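Here is the structure we will look at.
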Amino acid sequence: MSRKIFLAGIISGTVMAMMAMMYEGIWGIGFWAPPVTIAATVLRDLQSIAVPISTFLFIPVMLGIMIHMVNSIIFDNIFNRIVSLYMASATKRILFGAVFGMAIFMGMWFLVLPIVNPVMLKLNGVVFVMAHAIWGAILGLMARPRMNPSLA
């Protein structure tokens, strides 16, 4: 994995997290709800946490951010392997990134979370899908193709 792919994962993951945290805070679920509910995947006692989550819980917040960033880097690596082969156009990369992010949301929201981490379903689904689309669009913006631009 290149440094550029790593940085794209960190930057896009940070933007996504900040957007989700701000909107969840504004809409009443709690500013700290996204990282705390992500941490509930590992810290199973958090499955019963009540919303709004307005208290800063150091270990769950830090663990949730770490899990989120690692996932962002992993999915960025997958995204870049696809994009580097097939898409030279920046517009196509950005649009594909947004669709890629929304596809990850759909898989997580409807297949994985109900089984693995149902407390995350307390988050606002509209905010969550928008955050995934923006995350993917940023990946598309930062991706660099390896193919001949005339093939795009």
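The values are calculated or read from the model by the stated rules, or taken from the named source; none is laboratory data. Bear in mind that the values here come from a model prediction, so they are computed numbers and not experimental data. When we count neighbours, we look across all protein chains shown, and the Cβ atoms used for this are built from the backbone with ideal geometry, even at glycine.
Could you check R93 against (1) under 15 Å from the mean Cα position of the chain (by Cα); (2) buried (at least 20 other Cβ atoms within 10 Å of the Cβ) and say which number it fails?
It fails just one condition, (1).
Give I59, I38, I26 a once-over and let me know the one that is of a type in the set (V, I, T) and surrounded by 15 or more Cβ atoms within 10 Å (Cβ to Cβ).
On the way: I59 fails: surrounded by 15 or more Cβ atoms within 10 Å (Cβ to Cβ); I26 fails: surrounded by 15 or more Cβ atoms within 10 Å (Cβ to Cβ).
Of I59, I38, I26, the one residue that is of a type in the set (V, I, T) and surrounded by 15 or more Cβ atoms within 10 Å (Cβ to Cβ) is I38.
Which of the residues belonging to the stretch 15-70 are among the hydroxyl-bearing types (S, T, Y) and without any contact (Cβ under 8 Å) to a residue 60 or more places away in the chain?
Those that are among the hydroxyl-bearing types (S, T, Y) and without any contact (Cβ under 8 Å) to a residue 60 or more places away in the chain: S54, T55.
Tell me, which residue of the stretch 72-88 that is in contact with a helix residue (DSSP H, G or I) (Cβ under 8 Å, 6 or more places away or on another chain) and not hydrophobic (A, V, I, L, M, F, W, C) is surrounded by the most Cβ atoms within 10 Å (Cβ to Cβ)?
D76
If M108 passes every condition in (1) modelled with pLDDT of 95 or more; (2) hydrophobic (A, V, I, L, M, F, W, C); (3) over 20 Å from I29 (Cα atoms) but one, which one does it miss?
(3)
Of the residues S84, S54, which single one is over 19 Å from F31 (Cβ atoms) and of a type in the set (S, T, Y)?
On the way: S54 fails: over 19 Å from F31 (Cβ atoms).
Of the residues listed, the single one that is over 19 Å from F31 (Cβ atoms) and of a type in the set (S, T, Y) is S84.
Among the residues of the stretch 26-42, write down those that are out of contact with any Leu (no Cβ under 8 Å at 6 or more places or on another chain), in a loop (DSSP other than H, G, I, E, B) and either farther than 15 Å from N117 by Cβ or among the acidic types (D, E) (or both).
Correct list: W27, G28, G30, F31.
Condition test on T14, is it closer than 17 Å to L141 by Cβ and of a type in the set (S, T, N, Q)?
Taking the combined requirement at face value, the residue satisfies it.
Within the stretch 15-36, is even one residue under 20 Å from F96 (Cβ atoms), among the β-branched types (V, I, T), modelled with pLDDT of 95 or more and within 13 Å of the chain's Cα centre (by Cα)?
Yes, the stretch 15-36 contains at least one residue that is under 20 Å from F96 (Cβ atoms), among the β-branched types (V, I, T), modelled with pLDDT of 95 or more and within 13 Å of the chain's Cα centre (by Cα).
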